[in-house]
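Here's the structure we're looking at; comments come further down.
Every read-out reported here was derived from the displayed coordinates using simple, explicitly stated rules and does not represent laboratory data. A quick note: this is a predicted structure, and the numbers were derived from the prediction, not measured.
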């Protein structure tokens, strides 16, 4: 098979990535007419002839158009995974694992709320002040000369 590397082409432009996304979506749709197939980063990389590290570097590219194209590809793959899980066509635990491992998704953590509702009366505050005042020792001090 001829790859981009074999013929001297290095990398994809943002336009080529958009074309790849369309072609990949068409391929997944055709496969799903016959059998259930959930797209993945690995299958996209194989389709595009790139490594997973190249995929990740494109996601973090300085080129805004390339980064946008890769974000759309990543969103498509991620959404297909989540939708298949919601429709119970794939195992939920596996889908969660893949979403966390490959797409850096995390579960929302609910904040710990501490409800401190201690009312203090004015009398108890004054009583505490009186006790503190009772422990004060008055003294005169003079500095020692050196």
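GNM on the chain, C-alpha springs below 10 Å: top fluctuator among 121, 95, 84?
121
Pick from 132, 41, 77: which is most flexible by mean-square fluctuation in a GNM of the chain where alpha carbon atoms under 10 Å apart are linked?
132
Relative contact order of region 14-103: what whole-number percent is it, with Cα pairs under 8 angstrom and at least 6 residues apart?
Computed over region 14-103, the figure is 29 percent.
Highest GNM mean-square fluctuation, the chain, Cα pairs closer than 10 Å: which of 29, 112, 126?
126
What number, rounded to the nearest 500 deg cm²/dmol, is the helix-based mean residue ellipticity at 222 nm of the chain, given -39500 (n - 2.57) per DSSP H run of at least four residues and division by all its residues? The partial results should precede the final answer.
On the way: 6 runs with 85 residues, N = 146.
Here the helix-only value at 222 nm equals -19000 deg cm²/dmol.
Compute the whole-percent fraction of alpha carbon pairs in region 14-103 spaced more than 17 Å apart.
Result for the distance tail: 48 percent.
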